[in-house]
1. Pick out the one residue from 5, 79, 52, 71 that is at pLDDT 85 or above and more than 20 Å from the chain's Cα centre (by Cα).
2. Any idea which of (1) in a helix (DSSP H, G or I); (2) at pLDDT 90 or above is the one residue 26 doesn't satisfy?
3. Anything in segment 37-71 that is within 19 Å of residue 81 (Cβ to Cβ) and touching a helix residue (DSSP H, G or I) at 6+ places or on another chain (Cβ under 8 Å)? List them, or say none.
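The values are calculated or read from the model by the stated rules, or taken from the named source; none is laboratory data. None of the values given here were measured: they were computed from a predicted structure. Cβ sites come from the backbone with ideal geometry, for glycine too, and all protein chains shown count toward neighbours.
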């Protein structure tokens, strides 16, 4: 196969990507469902709120997106703590 045929529409060469990916997936031991404890923690307690805030920032496109996202997360943290009575570790 010619080098030009191995490139996708973006011009990136992915000729060995499938082989490398297959080799990696077969050599990684399978852990418990959901991944490592840190990933599970993040997926359960942070990611849903972070995605919600990121969607709001993308929709509104404020001039200061990091501040808006940070304020959203602080507000959401206060709501979650009040609603569940659970205190997140500092």
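1. On the way: 5 fails: at pLDDT 85 or above; 52 fails: more than 20 Å from the chain's Cα centre (by Cα); 71 fails: more than 20 Å from the chain's Cα centre (by Cα).
So the residue among 5, 79, 52, 71 that is at pLDDT 85 or above and more than 20 Å from the chain's Cα centre (by Cα) is 79.
2. (2)
3. Within segment 37-71, the subset within 19 Å of residue 81 (Cβ to Cβ) is 41-42, 44-50, 52-53, 69-71.
Those that are within 19 Å of residue 81 (Cβ to Cβ) and touching a helix residue (DSSP H, G or I) at 6+ places or on another chain (Cβ under 8 Å): 49, 50, 52, 53, 69.
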